[in-house]
1. Please enumerate the residues belonging to segment 147-173 that are touching a strand residue (DSSP E or B) at 6+ places or on another chain (Cβ under 7 Å) and small (Gly, Ala, Ser).
2. What are the residues in segment 155-164 that are open to solvent by 20 Å² or more (accessible area, probe 1.4 Å) and without any contact (Cβ under 8 Å) to a residue 40 or more places away in the chain, if any?
3. If GLY149 satisfies all but one of (1) surrounded by fewer than 16 Cβ atoms within 10 Å (Cβ to Cβ); (2) assigned to a strand (DSSP E or B), what's the number of the condition it fails?
4. Quickly run through segment 165-180 and pick out the residues that are open to solvent by 40 Å² or more (accessible area, probe 1.4 Å) and in contact (Cβ under 8 Å) with a residue 40 or more places away in the chain.
Amino acid sequence: MSDKPEKPQTVGELVAKTYLPKSVLSDIQIAQFQEIGKQYYEVMEQVKKIAEPIIDQMKLIHERPRLLPEMKDMFVINRPVEYEILEELREMNRNHKQIYASQESSNVIIYDTKSGSLDRTIGGKCFSYDLSENGMRKKLLDTLLDRGGYIKTKELGKIIGSIAVAKVVQTFNDYATNALRLKNVKVIKGKKGSGYRINPKVHIERV
C-alpha cells in the first residue's frame, strides 16, 4: 500500500466516476467536464466576491442603523408612483387625526358669526349652542372676543344694554357649558375688580 496521499479529484472526474463508466467517456469528454467544473468554480468565486461586501454592509446597517444613514440609501428600491401617493395620503390622514384629537382634547369652539352658532366636535359628533335667539348674549360674546382682555362690569353693561351683567354672564356660561359639553369649563371668566374676559382655556375660532 502506498503512503502517498490521494490526489483530490476534479469536478469532471467526480461526475464521470459517478454517472458514467470511464470506458464510455473519451479523454476529450473528461477534459470538457473538467473545464465546465473549472468555469463553475470561477463563477462561484466571482459571485462570492460581489456578495460578501454587500452582506457585510447590510449587517452593519442592521447593527448600527443610526451611524450609517448614508449606507441605507444604497438599498433604497424605486417604487411606483402609486405607492408614493398612497404613503402621502396615509401621512396626511395621520396628521389630520392628530389635529382632530388635539382639538377634541382642548376646548376648541367654532363660532359662526353669521348664524350665531357655537359648535364643538367631540368623537365625530357636533354639539351646538345657538345664540341667534338672544342678541344680548351674542353681543356679550362679540365684545369680549373683540377686546381680548378684561372689560369692566359697568362698561360691559353699557355695551350690551343691561345692568345685570353677572346674570347674563352666568346664563351664557350655563348654556354653553351644557350644550357644548365643556365639562364645567366656563367660556366667560370673571375677576373681581377687573370685570370679564374669555377664558384663556377656551379657544374660539370665528368663521
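1. GLY149
2. LYS158, ILE159, GLY161, SER162, ILE163, ALA164
3. (2)
4. TYR175
Rundown of residues vs (1) buried (at least 17 other Cβ atoms within 10 Å of the Cβ); (2) over 40 Å from the mean Cα position of the chain (by Cα), yes/no style:
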residue	(1), (2)
SER115	no, no
LEU118	yes, no
ILE122	no, no
THR153	yes, yes
LEU182	yes, no
ARG197	yes, no
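The values are calculated or read from the model by the stated rules, or taken from the named source; none is laboratory data. Keep in mind that what you see is a predicted model, and the values were worked out from it rather than measured. With ideal geometry, Cβ positions are generated from the backbone for all residues, glycine too; neighbour counts draw on all protein chains shown. Protein only, heavy atoms only, side chains kept; ligands, DNA and RNA dropped before computing areas. Shrake-Rupley method; radii C 1.70, N 1.55, O 1.52, S 1.80 Å.
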